[in-house]
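*Asks:* My structure is below; once you've seen it, I'll send some questions.
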Amino acid sequence: MLTVVKIGGAWLEAGAEDAAFASLASLPGDLVVVHGGGSEISRWLERSGISVEWAEGLRVTRGDGLQLTAMVLSGWVNKRVVRALAGAGRRSVGVSGEDGGLLQAEHVDIERLGEVGRIVAVNSDLIHVLLREGFTPVISPISEGPHGRPLNVNADESAIPIALELDADRLLLLSDVPGVLADGELVGTLDRTRAEALEKTGQLAGGMLVKVNQALEAAESGVEVRIGDASLLTSNSGTRISGSELLPALT
């Protein structure tokens, strides 16, 4: 069993680490962790006098903002995750998408988003070496862009091609919400048709829309995908992403 888990910055808020990481470390089989760190990035940008900008659920990254983002994600946040997993009994090694050419990326829209990328290739050799030696890879999504320059890549958009390249059994996209919500209620199972309907009504937007669109691609390739909070680690909760259109309910 191989599980890829994406965790967000909410996991790193004060007091949230111990219980959540104990559940994460207890998952059976091989584990690969991909992390974001949005709240930490915003905090450090503001401290440095750099404006925080968003466009369609993606962070705009320009100039010194890229260097700071790389330092926060691949340094401060990455090592906190490694430390927390080790404290919960799971041997871990922190790497970034730049290490060993792990994640290759290209610009999404340099004029609109700046140094933000999308993954075009995954070199999984490093991950396989770490797993074979009994380590859990903890991956920062800062990736290698054109001419070897780093690009900031959304953590969800990094976790999904990693899961596909590794032929993972499960992909868990963890957030600070219980799953995809519609009219305030949890959507138990979501296919592309329902997702498009929710987008049209404005109930699926921003970062969650980015997450769902990427998750649908993984589900359509045969990976079990769920979106939700830390309860995903101990139960089949959250929103299951379906790779095929759901049959209408019988009436």
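*Asks:* Filter the stretch 62-82 for residues that are in a helix (DSSP H, G or I) and either free of Cβ contacts under 8 Å to residues at least 12 places away in the same chain or within 17 Å of GLY145 (Cα to Cα) (or both) and give the result. Explain how you work it out, then say what you get.
*Replies:* From the stretch 62-82, those in a helix (DSSP H, G or I) are 64-82; that's our starting set.
Result: ASP64, GLY65, LEU66, GLN67, LEU68, THR69, ALA70, MET71, LEU73, SER74, GLY75.
*Asks:* Something else now. I'm trying to understand the selection: among the residues of the stretch 126-171, which are part of a loop (DSSP other than H, G, I, E, B) and either of a type in the set (Ser, Thr, Tyr) or farther than 22 Å from ALA218 by Cα (or both)? Working first, answer last.
*Replies:* Of all residues in the stretch 126-171, those part of a loop (DSSP other than H, G, I, E, B) come to 133-135, 145, 149, 153-154, 166-169.
Answer for the stretch 126-171, where residues must be part of a loop (DSSP other than H, G, I, E, B) and either of a type in the set (Ser, Thr, Tyr) or farther than 22 Å from ALA218 by Cα (or both): GLU133, GLY134, PHE135, GLY145, ARG149.
*Asks:* Now for a separate question. For residues in the stretch 159-186 being more than 20 Å from the chain's Cα centre (by Cα) and touching a residue at least 12 places away in the same chain (Cβ under 8 Å), which is farthest from MET1 (Cα to Cα)? Break it down into steps so the answer makes sense when it comes.
*Replies:* The initial filter retains those residues of the stretch 159-186 that are more than 20 Å from the chain's Cα centre (by Cα), namely 182-186.
Subsequent filtering for residues that are touching a residue at least 12 places away in the same chain (Cβ under 8 Å) retains 182-183, 186.
Values: ALA182: 32, ASP183: 35, LEU186: 27 Å.
Checking each candidate, the answer is ASP183.
*Asks:* Under the condition of being at pLDDT 90 or above and buried (at least 22 other Cβ atoms within 10 Å of the Cβ), which residue from the stretch 196-214 is nearest to SER23 (Cα to Cα)?
*Replies:* Pass one, the stretch 196-214, residues at pLDDT 90 or above: 196-204, 212.
Remaining after also requiring buried (at least 22 other Cβ atoms within 10 Å of the Cβ): 204, 212.
Values: LEU204: 29, VAL212: 24 Å.
Here the answer is VAL212.
*Asks:* List pairs: first in the stretch 43-61 and charged (D, E, K, R), second assigned to a loop (DSSP other than H, G, I, E, B), Cβ under 9 Å, 6+ apart or cross-chain?
*Replies:* Going by the 9 Å Cβ cut-off, the qualifying pairs are GLU46/VAL52; GLU53/VAL60; GLU53/ARG62; GLU56/ALA205; ARG59/VAL52; ARG59/GLU53; ARG59/ASN154.
*Asks:* Within the stretch 26-39, is there a residue that is assigned to a loop (DSSP other than H, G, I, E, B), at pLDDT 85 or above, touching a strand residue (DSSP E or B) at 6+ places or on another chain (Cβ under 8 Å) and of a type in the set (D, E, K, R)?
*Replies:* Checked against the condition, which is being assigned to a loop (DSSP other than H, G, I, E, B), at pLDDT 85 or above, touching a strand residue (DSSP E or B) at 6+ places or on another chain (Cβ under 8 Å) and of a type in the set (D, E, K, R), the stretch 26-39 yields no hits at all.
*Asks:* Filter the stretch 98-114 down to residues that are under 18 Å from the mean Cα position of the chain (by Cα) and assigned to a loop (DSSP other than H, G, I, E, B) and give me whichever is modelled with the lowest pLDDT.
*Replies:* VAL108
*Asks:* If you take the residues in the stretch 115-158 that are over 13 Å from the mean Cα position of the chain (by Cα) and β-branched (Val, Ile, Thr), which one is farthest from GLY207 (Cα to Cα)?
*Replies:* Going through the qualifying residues, I end up with VAL129.
*Asks:* Identify the residue in the stretch 40-61 that is in a strand (DSSP E or B) and not aliphatic (A, V, I, L, M) and, among all such residues, is farthest from GLY97 (Cα to Cα).
*Replies:* Of the residues in the stretch 40-61, the ones in a strand (DSSP E or B) are 54-55, 58-59, 61.
Restricting the remaining residues to those that are not aliphatic (A, V, I, L, M) gives 54, 59, 61.
On the way: TRP54: 22, ARG59: 18, THR61: 17 Å.
The qualifying residue farthest from GLY97 (Cα to Cα) is TRP54.
*Asks:* Does any residue of the stretch 231-244 turn out to be crowded, with 16+ Cβ neighbours inside 10 Å, in contact with a strand residue (DSSP E or B) (Cβ under 7 Å, 6 or more places away or on another chain), without any contact (Cβ under 8 Å) to a residue 60 or more places away in the chain and more than 24 Å from GLY29 (Cα to Cα)?
*Replies:* No; the residues of the stretch 231-244 include none that is crowded, with 16+ Cβ neighbours inside 10 Å, in contact with a strand residue (DSSP E or B) (Cβ under 7 Å, 6 or more places away or on another chain), without any contact (Cβ under 8 Å) to a residue 60 or more places away in the chain and more than 24 Å from GLY29 (Cα to Cα).
*Asks:* Collect the residues in the stretch 136-153 that are over 18 Å from MET71 (Cβ atoms) and either surrounded by 16 or more Cβ atoms within 10 Å (Cβ to Cβ) or of a type in the set (Gly, Ala, Ser) (or both), keeping them in residue-number order. Spell out the reasoning first.
*Replies:* In the first step, residues of the stretch 136-153 are kept if they are over 18 Å from MET71 (Cβ atoms); the result is 136-137, 146-147.
Scanning the stretch 136-153 gives THR136, PRO137.
*Asks:* Does any residue of the stretch 69-92 turn out to be over 29 Å from GLU133 (Cβ atoms) and touching a helix residue (DSSP H, G or I) at 6+ places or on another chain (Cβ under 9 Å)?
*Replies:* Our first condition is that a residue be over 29 Å from GLU133 (Cβ atoms); within the stretch 69-92, this holds for 69.
Filter once more, so that each one left must be touching a helix residue (DSSP H, G or I) at 6+ places or on another chain (Cβ under 9 Å): 69.
Checking the stretch 69-92: at least one residue is over 29 Å from GLU133 (Cβ atoms) and touching a helix residue (DSSP H, G or I) at 6+ places or on another chain (Cβ under 9 Å).
*Asks:* Run down GLY179, GLY184 and say which single residue is surrounded by fewer than 20 Cβ atoms within 10 Å (Cβ to Cβ) and of a type outside the set (S, T, N, Q). Please lay out each step first, then the result.
*Replies:* Details: GLY179 fails: surrounded by fewer than 20 Cβ atoms within 10 Å (Cβ to Cβ).
Among GLY179, GLY184, only GLY184 is surrounded by fewer than 20 Cβ atoms within 10 Å (Cβ to Cβ) and of a type outside the set (S, T, N, Q).
*Asks:* From the list SER124, SER92, which residue is touching a residue at least 24 places away in the same chain (Cβ under 8 Å) and in contact with a strand residue (DSSP E or B) (Cβ under 8 Å, 6 or more places away or on another chain)?
*Replies:* Values: SER124 fails: in contact with a strand residue (DSSP E or B) (Cβ under 8 Å, 6 or more places away or on another chain).
Just one listed residue meets the conditions, SER92.
*Asks:* While we're here: Can you tell me which residue among ASP109, ASP169 is within 27 Å of SER26 (Cβ to Cβ) and of a type in the set (Asp, Glu)?
*Replies:* Working: ASP109 fails: within 27 Å of SER26 (Cβ to Cβ).
Going through ASP109, ASP169 in turn, just one is within 27 Å of SER26 (Cβ to Cβ) and of a type in the set (Asp, Glu): ASP169.
The values are calculated or read from the model by the stated rules, or taken from the named source; none is laboratory data. Please read these numbers as outputs of a predicted model, since none were measured by experiment. So basically every Cβ, Gly included, is an ideal-geometry build from the backbone, and we count neighbours across all protein chains shown.
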